[in-house]
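Below is one structure, written out as structure tokens; the observations come after it.
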Amino acid sequence: MGQYILQSLRYATQDLIQQKTEYTVENPKRKENAAKYYQLITQFLVKLGNLSVSEHQKMVVSDLFSAAIDLESIGDHANDISDIAGEAAEVAANFSEMAIDDLNLMVEKVVEIVEQALRLRETNTYSYIAKIEDLEEEIDELEEKIRTEHTERLISGACDIRLSILFLDTVSHLERISDHALKMAYCVKEEILS
């Protein structure tokens, strides 16, 4: 499920940055598939949770539920970005070069934090946690910087106001994705430390 959601995020952001709808048309099917993954995983976790397991195993099952919810939320944000890509492709305007650079940088960081969170979930390797925390803090700072610079570009006329809301909504979705990745990491951290 994690890799599927990560690929949906890559497709959505690629379409947005290139102002195309190549993958946007697949969005309803990807959303449906993600929901099926979520349903299958949660059904399995319910069965697992009903077995006679230790307290630590109960915590892991609970954390896996949480991870499934976070992954579904990441998928929802990716779907929203895909919808934004469709809207942006319809606007007779282009993102400024600086806006594209900002989006590329933020997407790179967000994809990295999701990849790290998935690796952490798979391996329980504690060293990933500090990297994820640092990335999330960097993404928060980047969001603030991007918003400030975007406002300056709007005022100076360097950015097209027709794409402004779509740009800012995308930045917000990306930041929220990093929050979900951090939540996944903290669950694993708790498991390792218990």
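Pick from 152, 143: which is assigned to a helix (DSSP H, G or I) and touching a residue at least 24 places away in the same chain (Cβ under 8 Å)?
143
Counting only residues that are of a type in the set (Ser, Thr, Tyr) and touching a helix residue (DSSP H, G or I) at 6+ places or on another chain (Cβ under 8 Å), region 136-172 holds 3 of them. If you go through region 124-159 and pick out every residue that is among the acidic types (Asp, Glu) and open to solvent by 90 Å² or more (accessible area, probe 1.4 Å), you end up with 5.
Go through the residues of region 160-175 one by one and say whether even a single one is open to solvent by less than 60 Å² (accessible area, probe 1.4 Å), touching a Phe, Trp or Tyr at 6+ places or on another chain (Cβ under 8 Å) and assigned to a helix (DSSP H, G or I). Checking region 160-175: at least one residue is open to solvent by less than 60 Å² (accessible area, probe 1.4 Å), touching a Phe, Trp or Tyr at 6+ places or on another chain (Cβ under 8 Å) and assigned to a helix (DSSP H, G or I). Got at least one residue in region 110-118 being over 21 Å from residue 69 (Cβ atoms), part of a helix (DSSP H, G or I) and open to solvent by 40 Å² or more (accessible area, probe 1.4 Å)? Yes, there is a match, as at least one residue in region 110-118 is over 21 Å from residue 69 (Cβ atoms), part of a helix (DSSP H, G or I) and open to solvent by 40 Å² or more (accessible area, probe 1.4 Å).
When residues in region 45-78 are screened for being among the β-branched types (Val, Ile, Thr), closer than 30 Å to residue 167 by Cβ and open to solvent by less than 30 Å² (accessible area, probe 1.4 Å), 1 of them pass. For region 1-23, the candidate set comprises residues that are touching a residue at least 40 places away in the same chain (Cβ under 8 Å) and closer than 15 Å to residue 106 by Cβ; within that set, the residue that is nearest to the chain's Cα centre (by Cα) is 9.
Do we have residue 40 as assigned to a helix (DSSP H, G or I) and open to solvent by less than 90 Å² (accessible area, probe 1.4 Å) here? Criteria not met by residue 40. Just a yes or no: is a residue in region 79-93 in a loop (DSSP other than H, G, I, E, B) and open to solvent by less than 20 Å² (accessible area, probe 1.4 Å)? The answer is yes, given that some residue of region 79-93 is in a loop (DSSP other than H, G, I, E, B) and open to solvent by less than 20 Å² (accessible area, probe 1.4 Å).
The values are calculated or read from the model by the stated rules, or taken from the named source; none is laboratory data. Everything numeric in this text was worked out from a predicted model, so none of it was measured. Don't worry about glycine lacking a Cβ; one is built from the backbone with ideal geometry, like all the others, and counts go over all protein chains shown. Ligands, DNA and RNA are excluded from the accessible area calculation, which covers all protein heavy atoms including side chains. Shrake-Rupley method; radii C 1.70, N 1.55, O 1.52, S 1.80 Å.
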